[in-house]
Amino acid sequence: SGKALVWDGSCSSLLELAESQGISLDSGCLAGSCGTCRLAVKSGTVAYPPGSQVDVEEGSCLACVAVPQGDLIVDA
């Protein structure tokens, strides 16, 4: 989208942050299992909630459950 957003921890996921800023991302299950919200991670890392069983390849994240760990650039 070309937008820079600030993560302040008030949103539960990257998807929620994007939607709060008017950025529409594809999503489905909202639990990290369907893969619809998969984004390419260009730079940085994400974490997932404790106990989540996310299966995503290196260089991608699931926006519906991912939270950034510092500066993050994704292809949205």
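Things to note:
- Over the chain, DSSP H runs of length four or greater, each weighted -39,500 (n - 2.57), average out per residue to a 222 nm ellipticity of -2500 deg cm²/dmol.
- Net charge over other residues, Cβ less than 12 angstrom from the Cβ of GLY59 (K, R count +1; D, E count -1): -1
- With K and R counted +1 and D and E -1, the other residues having a Cβ less than 14 Å from that of ILE23 yield a net charge of -3.
Every number here is computed from the coordinates shown, using simple stated rules; none is lab data. For clarity, every value in this text was computed on a predicted model and none was experimentally measured. Here the Cβ is made from the backbone with ideal geometry for all residues, glycine too, and neighbour counts use every protein chain on show.
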